[in-house]
Amino acid sequence: MKSVLVTGFGPYEEELDNPSGRIAQALDGTTVGAVAFHGCVLPVSARAAPPLLRRTIESLKPDVVIVTGVTPARSKPALERVAINVADYPIPDNDGLMSIDSPLETVGPAAYFSTLPIKAILAEWTAGRIAGYVSNTAGTYLCNQIFYTAQHATAQTTCISGLVHIPVPSTHHGHGSHSPTSPPDFETLVEAIRSAGIVAATRVGPDLVLGAGSTS
Ligand code: PCA
């Protein structure tokens, strides 16, 4: 049995009904074939979220960690390529903390790449008519921070990890039936994370070589 830890965030200023936390809850305790999902909701707190993630990884020892968060400005789920070692918050966290230009780890690399097979996941989404893309910036707020925390915690292990940024779901229901510009519904976003977990847990060998770059 392979185990996949999916985290999401609870409410914060920009999104009081955070779909990322609801996705983690929806997947918690589910099993698909030989892949077992565990969900965990993290608070939007720079003080509390990183130690909670580290403790959960230490106790669960998952094969895969997918951290998720909402990004209200985007309309499609994004496979984030890179986590950077900086906190430069546009808004305070839920404890009122405002970090500006602070390193997340004083002894840590400038950046970590996602170790998820992001191109293979993108190909699987495309085959399942889930629109998504590879993003080259996860911002400098809590999602980037928890992504960096996951990469730092799993760097010397066989566990692979990365961040998927989630749009606010559309209220139009129907798998694959949304227009190209409107976001997927909630069930489709749950399916996107489920299939990302299955691909990550079962893929053998290196990631696909598949162009998904951008000019900006
Ligand atoms: N999204 C924020 C933090 C919490 C969340 O769900 C982000 O993108 O950084």
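Laboratory data are not the source of any read-out in this text; all were calculated from the coordinates shown. What you see is a predicted model, and the numbers here were worked out from it, not measured in a lab. Glycine also receives a Cβ, built like all others from the backbone with ideal geometry; neighbour counts cover every protein chain displayed.
Here the average projected area of the convex hull drawn through the C-alpha atoms of segment 111-215 stands at 7.5 nm². The mean sequence distance of close C-alpha pairs (under 8 Å, at least 6 residues apart), as a share of the length of segment 67-117, puts its relative contact order at 40 percent. Diffusion coefficient (Stokes-Einstein, Kirkwood radius over C-alpha pairs, 37 °C, 0.692 mPa s) for segment 1-47: 294 µm²/s, rounded to a whole number.
Summing Cβ point charges (Lys, Arg +1; Asp, Glu -1) relative to the Cα centre of segment 88-216 gives a dipole of roughly 460 debye.
Here the extension length gained between residue 105 and residue 25 equals 25.9 nm, from 0.36 nm per residue of separation less the Cα-Cα distance. Overall size of the chain from C-alpha positions, given as principal axis extents largest first: 42, 38, 35 Å. Candidates 153, 181, 137 compared by Cα position along the dipole of segment 118-210: farthest toward the positive end lies 153, with charges placed on Cβ.
Across the chain, the mean sequence separation of Cα contacts (distance under 8 Å, 6 or more residues apart), normalised by length, yields a relative contact order of 25 percent. Distance between the C-alpha centers of segment 18-39 and segment 56-120? Whole Å please. About 19 Å separates the Cα centre of segment 18-39 from the one of segment 56-120. Ranked by the mean number of other Cβ atoms within 10 Å of their residues, highest first, the peptides 5-12, 50-57, 120-127 come out as 5-12, 120-127, 50-57. Check cross-link reach from residue 119 to the lysines: straight Cα distance under 21 Å, and skip same-chain residues fewer than eight apart. Partners within reach: 2, 76.
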